[in-house]
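I have placed the structure first, in the form of C-alpha cells, so that the comments after it can refer back to it.
The values are calculated or read from the model by the stated rules, or taken from the named source; none is laboratory data. As the structure is a computational prediction, the values presented were derived from the model and not from experiment. No Cβ is skipped: glycine too gets one built from the backbone with ideal geometry, and neighbour counts run over all protein chains shown.
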Amino acid sequence: MTLDQAIASIRDMQEKFANGVTLTLPWPPSVNKYWRTFQGRMIISAEGRSYRKAVADQVLIQRGAKHYAGKLCVVIEAFRPDNRRRDLDNLLKAVLDGCTHAGVWEDDSNIVDLRIYWADAVGGMLKVKVSEV
C-alpha cells in the first residue's frame, strides 16, 4: 500500500465513523472462560454473563444502544491489561455477543466489515467503533 492509499483509507474510515458510535468496554473473558458445559450443553459461564451485564451497563452509561439493523462496520482497538502474549481472536465472541445483548445492533450477523488490532498502550479495555455501511 502506498502512502497516498493509506491516507485515503484513513479518511474513508473517518467518514464512515462520523455518524457512528464509539464505546469503551471492559476487557472480555477469553473464549475458554466464556463457555461452560452443563448437562451436555454449552452455556455462557457465570463470568460470561457477568461480562455481558458489564457491557450492557457501559452501553447504557455511554448511550450506545442504537439498535443498528443494517450492514455494519466494526473496528475494535484492544488495550491489553498487561504485556503478556494474547490472541486477538479470543476477544471477539464475548464482545460481539455483549454488544448484541446490550442493543448496540440487532444481530452480529449484520457485521460485514470487522477489524481488530492491538493498541500501543496497556489499559485493559476495548474501544469499539460501530457504523452503518
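Tell me, which strands (runs of 3 or more DSSP E) wholly within the stretch 26-133 include 3 or more residues that are surrounded by 16 or more Cβ atoms within 10 Å (Cβ to Cβ)?
Numbers: elements: 35-38, 41-44, 72-79, 111-118, 125-132.
Strands (runs of 3 or more DSSP E) meeting the threshold: 72-79, 125-132.
Please work out which one of (1) on the phi > 0 side of the Ramachandran plot; (2) in contact (Cβ under 8 Å) with a residue 60 or more places away in the chain is the condition Val128 fails and give its number. It fails just one condition, (1). Among the residues of the stretch 82-112, write down those that are over 16 Å from Ile61 (Cα atoms) and more than 12 Å from the chain's Cα centre (by Cα). Across the stretch 82-112, the qualifying residues are Asp82, Asn83, Arg84, Arg85, Arg86, Asp87, Glu106, Asp107, Ser109, Asn110, Val112.
In the stretch 103-122, which residues are on the phi < 0 side of the Ramachandran plot and among the small types (Gly, Ala, Ser)? Before you say what the answer is, go through the steps one by one.
Narrowing the stretch 103-122 to residues on the phi < 0 side of the Ramachandran plot: 104-122.
Once the filter is applied, which keeps residues that are on the phi < 0 side of the Ramachandran plot and among the small types (Gly, Ala, Ser), the stretch 103-122 yields Ser109, Ala119, Ala121.
Of all residues in the stretch 56-76, exactly one satisfies the criterion of being more than 22 Å from Ile116 (Cβ to Cβ) and among the β-branched types (Val, Ile, Thr), namely Ile61.
For (1) of a type outside the set (Ser, Thr, Tyr); (2) at pLDDT below 95, each residue gets a yes or a no:
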site: Glu77; (1), (2): yes, no
site: Arg84; (1), (2): yes, yes
site: Asp87; (1), (2): yes, yes
site: Leu91; (1), (2): yes, yes
site: Leu96; (1), (2): yes, no
site: Cys99; (1), (2): yes, no
site: Val112; (1), (2): yes, no
site: Tyr117; (1), (2): no, no
site: Lys127; (1), (2): yes, no
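Inside the stretch 40-95, residues that are in contact with a Leu (Cβ under 7 Å, 6 or more places away or on another chain), without any contact (Cβ under 8 Å) to a residue 60 or more places away in the chain and β-branched (Val, Ile, Thr) make up a count of 4.
Within the stretch 97-133, the set of residues being closer than 20 Å to Ile43 by Cα and either among the basic types (Lys, Arg) or touching a Phe, Trp or Tyr at 6+ places or on another chain (Cβ under 9 Å) (or both) comprises Asp97, Gly98, Cys99.
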